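None of the figures in this text is laboratory data; all of them are computed from the coordinates on show. Everything numeric here is computed off the predicted structure, so don't read it as measured data. As a convention, Cβ positions derive from the backbone with ideal geometry for all residues, glycine included, and neighbour counts pool all protein chains shown.
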Number of protein chains: 2
Amino acid sequence: MSTYPAGTFPATFIGGAAGVWRIETSTAVTGEPLPPADRLEVREGIVPTSAGTWRLSGVAGHPRYVERREKAQLDPVTPPLGRPEATMAALIPIRKSAAWWALPQDERRAIFEQRSRHIADSMPFLPRIARRLYHARDLGQPFDFLTWFEFAPGHARAFDELVAMLRSREEWTYVDREVDIRLAR
Amino acid sequence: MSTYPAGTFPATFIGGAAGVWRIETSTAVTGEPLPPADRLEVREGIVPTSAGTWRLSGVAGHPRYVERREKAQLDPVTPPLGRPEATMAALIPIRKSAAWWALPQDERRAIFEQRSRHIADSMPFLPRIARRLYHARDLGQPFDFLTWFEFAPGHARAFDELVAMLRSREEWTYVDREVDIRLAR
């Protein structure tokens, strides 16, 4: 029943005792935490499994807010996932409120970029931080997005700055659940 | 693992021998047809089932292209689903090409509305035709959208006009699979 087309990247994140990523911290920033786990396994696909103590699935795919001129700026400085030196990672699952999802497209875009400068102010952190945004809302998951980041230890402080910047903006007033999971391999 | 929030409407359409809707015709407009079936059952939720000869699931939810001023025009003239006089329906599953999904948001919006007038030229058909758009791409389904329409027999000709208008526009050059299923109860 599920066959994902080229250009989409379904993944399942499993928190438990297995996986190449060691969970260093798991912090409930807003709302409910996730159950404790020692390691994180990332599997390709939406995997029906009872492995681990928690499981989150999402699908990365087409851009929801990025416009042509932004894409032209982003593409050349966006690093790939899986760089050998990127031995640190973060999985930050996020849910936005009903008020966010009730907004029409132009108002969500205005909050996201014109008022919160999500793309413009993230740009200086590239190409140090690799990232992929998985969408989970249409999958009936407990979060709307699973945001995934990879970086070298020397850029951990820059990553903290990026996350603090995003959390300080108007867009984040619509976030009603957020867990920040830091990882190392 | 799947609990859908308020404001989302997951559904599974099952073509087979059961269901309140009689399948009058099922036409492959572009690409592969669906296997023949006599009746259509619509179940709430993403239902794992082997019932029927085919199954399609999708989730209706937040607007992807509609802007505030359009929403203000649409909302007052949008009829509910399930009107007693709406004894005819259409299920039109649609898939768009990789080229469509690779476009940034502003270019998809421009094709959808500025150049194809999807919203503006659909508006005159309201409130005669009730509709709901289910998204299926993130679910790994064979179609990206399941479009659902309900209308009274007296408005069947208007519905044909609406569908012909949409198919004649630039947006539709990105449709690479479409099946048109007409129903009555």
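Over chain B, calculate the relative contact order: mean separation of alpha carbon pairs under 8 Å at least 6 apart, over the residue count, as a percent. If you can, show how the numbers build up before the last one.
Working: 347 pairs, mean separation 60.2, N = 185.
It rounds to 33 percent for chain B.
Kindly write out, for segment B:103-112 in residue order, the coupling ³J(HN,Hα) from the Karplus curve 6.51 cos²θ - 1.76 cosθ + 1.60 (θ = phi - 60°), rounded to whole Hz, with x marking Gly and Pro.
Computed from phi, the couplings for segment B:103-112 are 6, x, 4, 5, 6, 5, 4, 5, 5, 4 Hz.
Between A:A184 and A:R132, what's the calculated FRET efficiency when r is the beta-carbon distance and R0 is 22 Å? Round to 0.05.
Numbers: r = 18 Å, r/R0 = 0.83.
It comes to 0.75.
Through the Karplus equation 6.51 cos²θ - 1.76 cosθ + 1.60, θ set to phi - 60°, convert the phi angles of segment A:9-20 into ³J(HN,Hα) values in whole Hz; use x for Gly and Pro.
9, x, 8, 10, 9, 10, x, x, 9, 10, x, 6
Give the residues of segment B:68-97 whose amide nitrogen is closer than 11 Å to a point set 7 Å from the Cα of B:A152 in the direction of its Cβ.
B:84-87
How large is ³J(HN,Hα), in whole Hz, for each residue of segment A:44-58 in order, when computed from phi with the Karplus curve 6.51 cos²θ - 1.76 cosθ + 1.60 and θ = phi - 60°, using x for Gly and Pro?
Result, rounded to whole Hz: 6, x, 8, 9, x, 8, 10, 4, x, 9, 8, 9, 9, 10, x.
Zone of A:S97 (label point 7 Å along Cα→Cβ, backbone N under 19 Å): which residues in segment A:33-60?
Once the point is set 7 Å along Cα→Cβ of A:S97, A:33 turn out to lie under 19 Å by backbone N, inside segment A:33-60.
At 7 angstrom along the Cα-to-beta-carbon line, where would the label on B:D160 sit relative to the other copies? Give the distances in nm, shortest first.
Counterpart label points of B:D160 in the remaining copies fall at 6.9 nm.
Would you look at the GNM of chain B, springs on alpha carbons closer than 10 Å, and say which of B:V59, B:V20, B:V42 moves the most?
Its mean-square fluctuation being the largest, the pick is B:V20.
In whole Å and largest first, what semi-axes does the C-alpha gyration tensor of the protein assembly as shown yield when each eigenvalue is scaled by 5 and square-rooted? Before the final figure, lay out each step's value.
Working: eigenvalues 299, 113, 66 Å².
After scaling each eigenvalue by five and taking roots: 39, 24, 18 Å.
Take the eigenvalues of the Cα gyration tensor for segment B:1-122, scale each by 5, and report the square roots as semi-axes in whole Å, largest first.
Numbers: eigenvalues 156, 73, 58 Å².
Values for segment B:1-122, descending: 28, 19, 17 Å.
Kindly provide the Kirkwood hydrodynamic radius of segment A:46-91 in Å, to one decimal, from all pairs of distinct alpha carbon atoms.
Working: mean 1/r = 0.0699 Å⁻¹.
With all distinct Cα pairs of segment A:46-91 included, I get 14.3 Å.
Scan chain B for the residue whose Cβ is closest to the axis carrying it onto chain A, then write down that distance in whole angstrom.
Closest to the rotation axis on chain B: B:D138, 2.
Specify the residue with the greatest mean-square fluctuation among B:A130, B:A90, B:A158, computed from a Gaussian network of chain B linking alpha-carbon atoms under 10 Å apart.
Residue with maximal mean-square fluctuation among B:A130, B:A90, B:A158: B:A158.
How big is the Kirkwood radius of segment B:87-135, worked out from every pair of different alpha carbons and given in Å to one decimal? Please report the intermediate quantities before stating the final value.
Numbers: mean 1/r = 0.0773 Å⁻¹.
Taking the inverse mean of 1/r over all distinct Cα pairs, segment B:87-135 comes out at 12.9 Å.
Please give the residues of segment B:143-185, grouped as numeric ranges, whose backbone N is less than 13 Å from a label point set 7 Å along the Cα-to-Cβ vector of B:E32.
Under 13 Å, as judged by backbone N against the label point of B:E32, lie B:143-144, B:177-179 of segment B:143-185.
Over the alpha-carbon set of segment B:108-163, work out the extent along each principal axis and list the three values in angstrom, largest first.
On the principal axes, segment B:108-163 reaches 37, 26, 15 Å in Cα extent.
Based on a Kirkwood Rh over C-alpha pairs, give the Stokes-Einstein translational diffusion coefficient of segment A:60-184 at 10 °C and viscosity 1.306 mPa s in µm²/s.
Working: Rh = 15.2 Å.
Using the Kirkwood radius from Cα pairs, D works out to 104 µm²/s.
Mind checking which of A:S26, A:S168, A:S116 has the largest fluctuation in a GNM of chain A, springs on alpha carbons under 10 Å?
In this elastic network of chain A, the residue with the biggest mean-square fluctuation among A:S26, A:S168, A:S116 is A:S168.
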